[in-house]
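This report concerns only the one structure given below.
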Amino acid sequence: MAAVFNDMPRFLDVKEVSDYLNLNEKKVYALVSEGRIPGTKVTGKWMFPRELIDRWMLESSHGGLLADRLLIAGSDDPLLYRVALNVARDTGSRGLVSYTPTGTRLGLDLLQGHRVDACGLHWGPSNESHLRHPALLSQYSGHRRWVLIRAFRREQGLIVNPELFGPGTSAEGLLKGRLRWAMRQEGAGAMRFFLETLAHHGVTAESLNRTATALSERDAAACISLGLADIAPGARGAAAENGLAFVATGWESFDLALERGIYFRKLFQDLVARIKDAETAQLAQRLGGYDLSDSGALVWGQD
């Protein structure tokens, strides 16, 4: 039997996966619909890379053989970045902790594809996050296995060149001024928040002078520091980190989406503990614009 499996192709169809895993084909289709098994649809036919099927089985066994790994993607945040660095330092060579900001949407795509373990996300004002975040996750078939953990609340607004900032500077004045903008990419939570801010002030994104595209909070701040733009949407923490001015436009919830099994991994629990500790609270105060009162709370997916 082993020889037969060794002769199987690199890419399996539903029947071959069924034989390989000793499951009936209806169960394979059910796993596909739930987003639980790695596969892709090619010209209307589901195909499954055998290497990823093997890795999926290993990860599903005994709590996961990759429990010494925590890969985080999604939205960028300077506080979370430093927390992840501290966890990686404390873990040393015993495990891998990595944080790669990709923006909310791409991060969720990677989580859906089992490429990362957790995704940072924010999608509009904090007082609507209890509705918006679950609605966003429900667009992905894997959401039935996911939970949302509150990292923190943070202040969102406009990052500004200090030379253009003075007494009486307002969001409306900046939005309607003739400034060079570093705009965020499509699918970024900061861009979602910014478009709603523009609508509130009766301004369109097309009317702004876009001179750069920033792929993260910290990239947006860097565009201003490097003279590529005068202003960009972003969080207060990113402005403070780079010595830039900031005009607040509201608060948002920054959450972490992950599979339930990942939640119990030691590395993730270490991350949550770090977010809640005194050192992080002091850093949050220095950066400004953070509320850690609900950090670590399970805000969705408990059912």
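The value for segment 125-201 of Rg(Cα) / (2.2 N^0.38 Å) is 1.41. For segment 81-155, the solvent-accessible area works out to 41 Å² per residue, with a probe of 1.4 Å and every protein chain left in place. Based on every Cα atom in the chain, Rg and the maximum pairwise Cα distance Dmax equal 21.7, 78 Å. Within the accessible surface of segment 151-303, defined with a 1.4 Å probe on protein heavy atoms only, the carbon and sulfur portion equals 50 percent. Computed over the chain, the per-residue total of -39500 (n - 2.57) for DSSP H runs of n ≥ 4 gives a 222 nm mean residue ellipticity of -11000 deg cm²/dmol, rounded to 500.
Near ARG184, the amide H atoms lying under 5 Å from its own belong to ALA214; only residues 5 or more places off or on other chains count, and H is placed 1.01 Å from N.
Based on the convex hull around the alpha carbon atoms, segment 145-186 presents an average projected area of 5.4 nm². Among ILE37, ILE72, ILE262, the largest mean-square fluctuation in a Gaussian network model of the chain (Cα springs under 10 Å) belongs to ILE37. Note on the chain: Lys pairs 8 or more places apart or on different chains, Cα atoms under 20 Å apart, count 9. Placing one identical point scatterer on every Cα of segment 253-303 and ignoring solvent, what is log10 I(q)/I(0) from the Debye formula at q = 0.14, 0.20, 0.33 Å⁻¹? So the normalised log intensities work out to -0.40, -0.77, -1.36.
Farthest toward the positive end of the dipole of the chain, out of ALA190, LEU52, CYS119, is the Cα of LEU52, where the dipole comes from beta carbon charges about the Cα centre. Rounding to the nearest 10 and keeping the result within 0 to 90°, find how far the Cα-based axis of helix 278-287 lies from the longest principal axis of the chain. Approximately 50 degrees, to the nearest ten.
Using a probe of 1.4 angstrom and keeping all protein chains present, the accessible surface of segment 191-276 works out to 41 square angstrom per residue. Counted over all Cα-Cα pairs of segment 99-258, pairs farther apart than 18 Å make up 57 percent.
Projecting each Cα onto the charge dipole of the chain (Lys/Arg +1, Asp/Glu -1 at the beta carbon, about the Cα centre), which of ALA73, TRP146, TYR20 comes out farthest on the positive side? Comparing the listed Cα positions along the dipole, TYR20 ranks first.
Using the alpha-carbon centroid of each, what span in Å lies between segment 73-149 and segment 203-278? Distance between centres, Cα-based: 13 Å. Of the trypsin sites (Lys or Arg not before Pro) found in segment 121-222, those that fall in a DSSP loop while having at most 16 other beta-carbon atoms within 10 Å are LYS176, ARG178.
Could you tell me the ratio Rg/Rh of segment 193-254? Both radii from Cα atoms, Rh via Kirkwood. Radius of gyration relative to Kirkwood radius: 0.95.
The values are calculated or read from the model by the stated rules, or taken from the named source; none is laboratory data. As the structure is a prediction and not an experimental result, all values here were calculated from the model. Virtual Cβ from ideal backbone geometry, glycine too; neighbours counted across all protein chains shown. All accessible areas refer to the heavy atoms of the entire protein, side chains included, with ligands and DNA or RNA removed. Shrake-Rupley method; radii C 1.70, N 1.55, O 1.52, S 1.80 Å.
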